[in-house]
Every structure is written in C-alpha cells, then in structure tokens.
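Q: What follows is a structure written as structure tokens; I'll ask about it next.
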Amino acid sequence: MAPPIVNATIQSAVLAATSNLLAQALSAYKNEVSLVIDWVPVFQFIVYAIISTPPNFMWQDLLESSFPAYHMSPTKAAVASAAANDEKALEEEEREDQLVEPKLNVANTLAKTVLDQTLGAFGNTYLFSLYIHSVQAAMDRPLGTPLSTPDTSAAYLASLFLGLAGAQRARYGTVDWDAVVKTSQAEFWSIIKAGWRLWPAVSIINFAFVKSIEGRNLVGGLAGVAWGIYMSLRAAS
C-alpha cells in the first residue's frame, strides 16, 4: 500500500488535469468555438501538482501537530456525576469509556486557518505564478491559432521526452526571469483576494470536521477543481 503522501500526490495530479480540461471546455463554450484539447497546459498543471503536493501535505501535517484540532474534555455525564459526588456513576462511565470525549479546539482551529490563509496561501500563490509563467515561456510553441487537433499538442509533448528530430524543446535558458518575477508580483494580490473568497471556508471545514491529513487533502483537492478552473483560465489569458 502506497504511503499517504504518495496517494495524495496522485490524487492531486488527477484533479489538476480534470480542472484544466474543464477550464478548456468552459472557455470553448464561452467563446462559442469547438473544443480542441491542448495537452500542454494539462501536462503543466499535472507537473505542478506533483511538485507542490508533498510540501503542502507536510505543511498540513505541521499545522495539525502544532495546533491539534481536538483535545480531550470531560463528558457532560462525567461532569454531572462528579458534581454530585456519585462515585458509582463515575466508575460506570470509566468502564464504558465515557469519562472524556474529543472536543474541538476553537483557538487552534482559528490559528491554523489564519496561518494557512497567510503563510500557506502567500507561498503557494507566488510559487505557482513563478512556475506557470516560466514554464509557459520555456514551452512556447509556434502552433498557430487555433489548434487543429489534440494531436498537435500531444506530438509536442512526445517530442520533449522522445527527442524527435527537429522538435522544439522546453528552453528554460531563454526564459526572461525578470519578466516572470514582475508578472508574478503584479498579479499576487489579485489572486490572493480571489482565493480568500473560497479557501478560508475550505480550511475551516477541513480543520473542524476532517480529522486525517489524507481526508483534508481530498476535500482541498475537490475544492481545488473549482480553483484550478479559475487558475487555468487565468493562465491561459
């Protein structure tokens, strides 16, 4: 059985591909043109998911270990029995494992949400912008507009890995990194503000109701499909 972090990465990669394909379909519908799938941005989003999921998984694990969502608290029955000095009832509750129960730690939940939506969001947003603008520049293709068939983009991707003769390669050495950084900085706050309309609610639901890191990754991934559509459309513009 694969480790949870591996399962989370595979899951995120699938959801990233799904969100980009949905974005392409939505864009085609909006512009009233036939859908022609471009596999290059799908590939780019999958790669980013593979790169970013492990550190984000560890970030969520760090938040949970630093600020546990639940603490053990006496049950109402145990409090009532203790107040009445009813030792027999307390012994019975102890035998039935009803003396204490997990209780949501509101302060920890708020602390994790704030950290996730500031430090976590800032890092993820800036790194995604740097990645997408640099990889788009490195994989610039003279495909013309529009793409004629999905085979055009699939052939380009194949050329990157199979070394086909005469194929144009991804060229990171030609990327204008100053321009990439300036673009990433310019769009930073607009993306952050857009994200704050979605992700704080997702974080609170995750931290308050989902106990496992794997489960939180799934919830975040499902919400991320909608976010991925937004980011895909933004990256394509």
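Matching residues to (1) surrounded by 14 or more Cβ atoms within 10 Å (Cβ to Cβ); (2) within 20 Å of residue 223 (Cα to Cα); (3) of a type in the set (Gly, Ala, Ser):
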| site | (1), (2), (3) |
| --- | --- |
| 5 | yes, yes, no |
| 18 | yes, yes, no |
| 24 | yes, yes, no |
| 27 | yes, yes, yes |
| 31 | no, no, no |
| 34 | no, no, yes |
| 37 | yes, no, no |
| 40 | yes, no, no |
| 46 | yes, yes, no |
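Q: Quick one: is residue 186 assigned to a helix (DSSP H, G or I) and in contact with a strand residue (DSSP E or B) (Cβ under 9 Å, 6 or more places away or on another chain)?
A: In short, no.
Q: Right, something else. Test each condition in (1) modelled with pLDDT under 90; (2) crowded, with 18+ Cβ neighbours inside 10 Å; (3) closer than 26 Å to residue 27 by Cβ for residue 133 and report the one that comes out false.
A: Against the list (1) modelled with pLDDT under 90; (2) crowded, with 18+ Cβ neighbours inside 10 Å; (3) closer than 26 Å to residue 27 by Cβ, residue 133 comes up short only on (1).
Q: Further, regarding this structure: Is it true that residue 179 is modelled with pLDDT of 80 or more, closer than 23 Å to residue 119 by Cα and either out of contact with any Ser or Thr (no Cβ under 9 Å at 6 or more places or on another chain) or not in a helix (DSSP H, G or I) (or both)?
A: no
The values are calculated or read from the model by the stated rules, or taken from the named source; none is laboratory data. Here the structure is a predicted model, which means the values were calculated and not measured. Every residue, glycine as well, gets a Cβ built from its backbone with ideal geometry; the counts of neighbours run over all protein chains shown.
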